[in-house]
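This report refers to the structure that appears directly beneath it.
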Number of protein chains: 2
Amino acid sequence: MDNKFKTQKDYALKTLGEARAKGEVDTDMLSLIDYINSLQDYYTTSSCAGRTSVFFDPGSKKDSDWVGKWHRKVMPEEVSEALKRAPGNGIIWFMHEPTIIHITCRTIENASSLVDLARNSGYKKVGILSFKDDRIIVEVCGTERIDAPMAIEGRKIISDKYLNELTQLANDKFGKGMLRLNRLMKALNELEKR
Amino acid sequence: MDNKFKTQKDYALKTLGEARAKGEVDTDMLSLIDYINSLQDYYTTSSCAGRTSVFFDPGSKKDSDWVGKWHRKVMPEEVSEALKRAPGNGIIWFMHEPTIIHITCRTIENASSLVDLARNSGYKKVGILSFKDDRIIVEVCGTERIDAPMAIEGRKIISDKYLNELTQLANDKFGKGMLRLNRLMKALNELEKR
């Protein structure tokens with residue numbers, strides 16, 4: 001399995017390098033990703049520092065889609081513009097999602113240490129996702145989110161004032177998420193020293 | 001470990017029996033819980049079919065609290081009454097949370113089968129939570145939620161009309177959650193036959 005882990009890690013780092021060249025990697029995550037990938041027993045597969053979005057849910061997962069998506073703080077006007085572009089059916093949601101990081105671990109013991117460490121850094125949603133194909137993936141998630149409906153079947157159901165409040169709250173949560181990421185980074189430094 | 005699993009399971013079933021006698025177990029979950037507990041390699045530790053709540057977040061997790069909590073469909077008036085009772089500081093949220101079930105598994109292989117089966121039943125958030133004390137716990141979670149702020153620092157920021165819309169959406173989601181639970185139950189029946 002060790003050789004397999006090494007091969008999978010090399011492949012993941014190659015893919016990451018390509019995504020990075022195209023500007024597809026969340027820049028707020030780069031130092032954390034690089035740090036995790038520098039550790040012998042771990043590598044990242046996907047990660048997002050947090051994002052605010054306008055989401056279209058037509059009732060089936062298959063056709064759902066983002067109308068707008070920002071991996072940073074946003075202005076109410078940006079959200080409002082996205083809402084105008086949204087389809088006239090289904091439910092249009094204002095969403096803020098917390099940090100999510102997927103980390104592949106060499107052994108179950110590595111995964112178990114990482115789970116403890118992420119919990120101690122303030123992440124409440126931490127778990128081992130998969131054992132598929134000898135791959136052990138730990139998911140680290142924040143919990144603070146916003147999921148507020150903005151329009152139903154083409155009917156706008158929120159006021160501009162409420163949209164301002166949602167945007168400000170989302171931006172606050174984004175800031176808090178970055179602080180928690182820094183705590184995780186410090187804790188990972190301790191892991192290295194063990 | 002097998003003996004340990006049996007002891008832990010017996011203890012969990014005793015605790016469950018006591019909670020049930022006091023009416024503390026979510027009645028919508030009873031048949032699923034009983035079924036899982038009848039399987040040799042699994043037992044449930046905590047579970048909730050879904051809930052709508054009014055949640056007080058003062059900015060620190062320590063002092064956060066529920067102002068109202070319903071494991072069923074709700075009426076807008078009930079939510080409105082809870083909002084009136086809420087503290088005059090922090091953020092008061094309207095929340096709807098999906099099904100959550102914790103299932104302890106005898107072996108890693110049992111856990112892995114359960115993870116696959118729950119994903120195939122439509123649960124997107126499924127993972128192994130812990131390996132602590134020889135205990136392997138799988139968490140099965142729905143994803144559809146609502147997290148909408150209703151008041152900030154004593155200032156009500158939603159209209160009664162918007163509250164009606166939130167309540168109706170929450171009730172719809174509760175109904176869908178119950179259908180997904182039924183699918184999981186049927187899939188578990190297949191697990192038994194293997």
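The values are calculated or read from the model by the stated rules, or taken from the named source; none is laboratory data. Just so you know, these numbers come straight off a predicted model, no measurement behind them. Glycine gets a Cβ as well: all are built from the backbone with ideal geometry, and neighbour counts include every protein chain shown. Remember, those area values only see protein heavy atoms, side chains included, never the ligands or the DNA or RNA. Shrake-Rupley method; radii C 1.70, N 1.55, O 1.52, S 1.80 Å.
Yes or no, residue by residue, for (1) under 16 Å from A:ILE33 (Cβ atoms); (2) polar (S, T, N, Q):
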{"site": "A:GLY122", "(1), (2)": "no, no"}
{"site": "A:GLU139", "(1), (2)": "yes, no"}
{"site": "A:ARG145", "(1), (2)": "no, no"}
{"site": "A:MET150", "(1), (2)": "no, no"}
{"site": "A:LYS173", "(1), (2)": "no, no"}
{"site": "A:ASN189", "(1), (2)": "yes, yes"}
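Inside region A:28-56, can you point out the residues that are open to solvent by 20 Å² or more (accessible area, probe 1.4 Å) and either of a type in the set (Gly, Ala, Ser) or without any contact (Cβ under 8 Å) to a residue 12 or more places away in the chain (or both)?
Selection gives A:LEU30, A:SER31, A:ASP34, A:SER38, A:SER46, A:SER47.
Could we say that B:TYR11 is assigned to a helix (DSSP H, G or I), among the hydroxyl-bearing types (Ser, Thr, Tyr), touching a residue at least 24 places away in the same chain (Cβ under 8 Å) and surrounded by fewer than 17 Cβ atoms within 10 Å (Cβ to Cβ) here?
For B:TYR11, the condition - assigned to a helix (DSSP H, G or I), among the hydroxyl-bearing types (Ser, Thr, Tyr), touching a residue at least 24 places away in the same chain (Cβ under 8 Å) and surrounded by fewer than 17 Cβ atoms within 10 Å (Cβ to Cβ) - is not met.
Say we look at region A:78-92 and pick out the residues that are within 11 Å of A:GLY68 (Cβ to Cβ) and touching a residue at least 24 places away in the same chain (Cβ under 8 Å); which of these is nearest to the other protein chains (Cβ to nearest Cβ)?
Among them, the one singled out is A:ILE92.
Residue check: is A:ILE92 assigned to a strand (DSSP E or B) and within 30 Å of A:ASN3 (Cβ to Cβ)?
Judged against the criteria, A:ILE92 is not a match.
Within region A:133-173, which residues are open to solvent by 30 Å² or more (accessible area, probe 1.4 Å) and more than 10 Å from chain B (Cβ to nearest Cβ)?
Matches in region A:133-173: A:ASP133, A:ASP134, A:ARG135, A:GLU153, A:GLY154, A:LYS156, A:ASP160.
How do the strands (runs of 3 or more DSSP E) wholly within region B:122-194 filter down when requiring 3 or more residues that are at pLDDT 95 or above and among the hydrophobic types (A, V, I, L, M, F, W, C): which remain?
So the answer is B:146-152.
Please go through region A:26-59 and pick out each residue that is modelled with pLDDT of 90 or more and within 30 Å of A:ILE152 (Cβ to Cβ).
The answer is A:GLY50, A:ARG51, A:THR52, A:SER53, A:VAL54, A:PHE55, A:PHE56, A:ASP57, A:PRO58.
Can you name every residue in region B:98-115 that is assigned to a strand (DSSP E or B), aliphatic (A, V, I, L, M) and open to solvent by less than 40 Å² (accessible area, probe 1.4 Å)? Lay out the reasoning, then the answer.
Taking region B:98-115 and keeping what is assigned to a strand (DSSP E or B), we get B:100-105.
Of the ones still in play, those that are also aliphatic (A, V, I, L, M) are B:100-101, B:103.
Within region B:98-115, B:ILE101, B:ILE103 meet the criteria.
Which members of region A:20-33 meet the condition of being under 28 Å from A:HIS96 (Cβ atoms) and more than 16 Å from the chain's Cα centre (by Cα)?
A:ARG20, A:LYS22, A:GLY23
Is one or more of the residues making up region A:118-132 open to solvent by less than 30 Å² (accessible area, probe 1.4 Å), within 30 Å of A:ALA82 (Cβ to Cβ) and more than 9 Å from chain B (Cβ to nearest Cβ)? Show your work before the answer.
Within region A:118-132, the first condition is being open to solvent by less than 30 Å² (accessible area, probe 1.4 Å), and the residues that meet it are A:118, A:121, A:123, A:126-128, A:130.
Imposing the further condition that a residue be within 30 Å of A:ALA82 (Cβ to Cβ) reduces the set to A:123.
Next cut, more than 9 Å from chain B (Cβ to nearest Cβ) only: A:123.
Among the residues of region A:118-132, at least one is open to solvent by less than 30 Å² (accessible area, probe 1.4 Å), within 30 Å of A:ALA82 (Cβ to Cβ) and more than 9 Å from chain B (Cβ to nearest Cβ), which makes the answer yes.
Hey, among B:GLY23, B:GLY17, B:GLY68, which residue is farther than 23 Å from B:LEU129 by Cβ, modelled with pLDDT of 90 or more and outside any strand (DSSP E or B)?
B:GLY17
Considering A:LEU166, A:LEU114, which residue is over 19 Å from B:ILE137 (Cβ atoms) and of a type outside the set (D, E, K, R)?
Exactly one of A:LEU166, A:LEU114 is over 19 Å from B:ILE137 (Cβ atoms) and of a type outside the set (D, E, K, R), namely A:LEU166.
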